[in-house]
Structure formats: structure tokens, C-alpha cells
Amino acid sequence: MTEQELKILAKNLANPEGEIGKDVAKMMNETNISMTKETIKALILTDNDNVLEIGHGNAGHLFYLLDFAENIQYTGLEISETMKSEAENINQKYLSQAKFQLYDGNKIPFENESFDKVMTVNTIYFWQNPVEFFNEIYRVLKNNGSFVLTFAKKKFMKTLPFTTDFKLYNYEDVEQLIAQTNFKRMIKSDKEEFILSKTGEPVKREYKVLIIKK
């Protein structure tokens with residue numbers, strides 16, 4: 001890929017826009033589906049759970065999440081108008097259980113202790129104020145709830161040609177951030193898989209799934 005193409009890809013990974021953004025989101029859903037499924041499993045969903053996902057992309061995985069228990073209520077937050085619209089189009093038959101909402105990427109627009117479970121996959125690279133955002137998640141999470149954060153390791157991410165403007169993390173980096181927040185407990189899990197990179201090359205991706213609790 002040319003330098004310009006890589007810049008366009010990077011921009012649309014952070015905030016998908018227009019037809020290019022839809023294509024990138026479809027690719028993200030396909031390449032990230034294993035990470036997303038591991039995240040959903042780690043939520044340990046139960047009947048009537050109220051779930052928040054931050055940065056849902058096209059939400060092509062929503063059917064998988066809703067199938068884990070009865071009467072799950074799902075809310076997706078996005079900074080991308082294109083992704084909100086695309087998620088609604090793809091998931092029309094689930095809109096009785098799911099809603100999608102735009103936000104500014106910093107303040108979560110819900111009341112304290114609104115959600116039983118919160119999840120996010122491959123979004124931490126774009127958080128403007130990580131400690132403050134962790135505390136926003138803490139605020140909207142119920143006292144007995146779980147927040148599952150999944151991200152690819154810094155070593156892997158550095159091998160990708162479009163991540164030069166991403167903020168990359170090792171587990172130790174995230175651990176230090178969380179130590180500055182209101183969260184108290186965390187369980188980590190190491191995962192790896194072989195995938196096609198967003199430039200079409202096969203690579204081994206190592207990633208972390210963190211279950212974070214109050």
C-alpha cells in the first residue's frame with residue numbers, strides 16, 4: 001500500500017467515514033471477530049444483562065452477543081456517524097434489544113451504574129485521556145459488573161504499517177493506567193491467533209483480554 005493509502009486506512013480505523021469507512025469496518029469485523037468473541041465470552045452474560053459496547057464498528061457480531069442469554073439489552077456507542085448508521089442497517093431485526101448512539105469519545109452519556117457489563121475491542125489506541133475514560137466506564141458500571149477490555153500487544157501492533165499515530169500498549173502500560181483509576185481488580189488472559197493483516201499478509205496476533213472490576 002502507498003503512504004497515502006495507509007493514512008486513509010489509519011484514519012478510517014480510528015473513525016470510519018463514508019463508503020471507504022464501511023469497507024474498512026467490514027474488514028475490521030472479519031479480522032477482529034475472534035478477539036470480539038473472546039471478549040463477549042469473558043463478559044459471562046446472563047439473562048436481562050444491560051450491556052454497553054464502546055466503539056462497536058458495524059456491529060456485525062451483535063447476533064453472537066445476544067444469543068448468550070435471554071433478554072439482553074445492548075447499547076452501542078460510536079464517534080462515527082457512518083458506523084452508527086451501518087450498525088442499525090445490519091442489525092435491523094435486533095433493534096428491539098439494541099440501540100446505537102453517538103458520543104464525543106470522552107464523556108459516556110449515561111447515568112451512574114447504568115450497565116451490568118461493558119466491553120470494548122481495539123479502541124484503547126484512540127482514547128484521548130485514558131485515565132479519565134477508565135473512570136467514565138467505572139462510573140456507568142454497576143457495582144457487581146464487569147468491564148472487558150481487549151487490545152493487541154504493542155509488539156504486534158508495531159509491525160503494522162498504519163499504526164504510527166496510534167497509542168500502543170503492553171499489559172504493563174495498561175496496568176499502570178488502571179492503577180490511577182477507581183478500578184480495584186483485574187484478571188488478564190493472553191491470547192494469540194493467525195490472521196490476515198489489513199494489508200493482506202498473514203501474521204500472528206498476540207492480544208490481551210482484561211476483565212476489570214470495581
Gained length - Lys204 relative to Glu175, 0.36 nm times residue gap less alpha-carbon distance: 8.1 nm
For Ile178, solvent-accessible area (1.4 Å; no DNA, RNA or ligand), Å²: 10
Accessible area per residue in Å² at 1.4 Å probe, computed on the chain: 50
Pair Glu19, Asp165: separation of 7 Å Cα→Cβ label points (nm): 2.3
Probe 1.4 Å, all protein chains present, accessible-area order of Leu160, Leu65, largest first: Leu160, Leu65
Helix-derived mean residue ellipticity, 222 nm - over the chain, DSSP H n ≥ 4, -39500 (n - 2.57), to 500: -11000 deg cm²/dmol
Counting DSSP beta bridges with both ends in the chain, the antiparallel % (nearest 5): 50
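If Lys and Arg each add +1 and Asp and Glu each add -1, what is the summed charge of the other residues whose beta carbon sits under 11 Å from the beta carbon of Phe115?
Working: positive: Lys117, Arg139, Lys142; negative: Asp49, Glu53, Glu111, Glu113, Asp116.
Net of charged neighbours comes to -2.
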Local electrostatic count at Asn182 - Lys and Arg +1, Asp and Glu -1, tallied over other residues with Cβ under 13 Å: +2
Neighbour net charge for Gln101 - beta-carbon separation under 10 angstrom, K R +1, D E -1: +1
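Ignoring any ligand, DNA or RNA, what whole percent of the accessible area of the chain comes from carbon and sulfur when the probe is 1.4 angstrom?
On the way: 4910 of 10600 Å².
Ligands and nucleic acids excluded, carbon and sulfur give 46 percent.
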Estimated inter-spin distance, Lys155 and Gln92, nm [label 7 Å along Cα→Cβ]: 4.7
Theoretical gain in end-to-end length, Gln73 to Asn48 [0.36 nm per residue, Cα-Cα removed]: 8.3 nm
Point-to-point label distance, Gln101-Glu132, nm (Cα→Cβ direction, 7 Å offset): 2.0
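Return a whole-number percent for the relative contact order of the chain, with Cα pairs under 8 Å and 6 or more residues apart as the contact set.
Details: 399 pairs, mean separation 42.0, N = 214.
Computed over the chain, the figure is 20 percent.
Grab the beta carbon distance between Ser34 and Met186, set R0 = 25 Å, and tell me the FRET efficiency rounded to 0.05.
On the way: r = 22 Å, r/R0 = 0.87.
Computed FRET efficiency for Ser34 and Met186: 0.70.
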Rg over Rh [alpha-carbon atoms, Kirkwood Rh] for the chain: 0.93
Most mobile of Ser189, Ser80, Ser34 in a GNM of the chain (Cα contacts under 10 Å): Ser189
Tensor-based shape of the stretch 54-109 (alpha-carbon gyration tensor, a/c under 1.5 rounded, otherwise prolate or oblate): prolate
Sequence of Phe194, Phe183 from largest to smallest accessible area, 1.4 Å probe: Phe194, Phe183
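How about the stretch 22-118: which trypsin sites (Lys or Arg not before Pro) there lie in a loop by DSSP and see at most 16 other Cβ atoms within 10 Å?
The qualifying sites are Lys107.
The values are calculated or read from the model by the stated rules, or taken from the named source; none is laboratory data. Source: prediction; values computed, not measured. Positions of Cβ are backbone-derived with ideal geometry, glycine not excepted, and every protein chain shown enters the neighbour counts. SASA here: full protein model, heavy atoms, side chains in, ligands and nucleic acids out. Shrake-Rupley method; radii C 1.70, N 1.55, O 1.52, S 1.80 Å.
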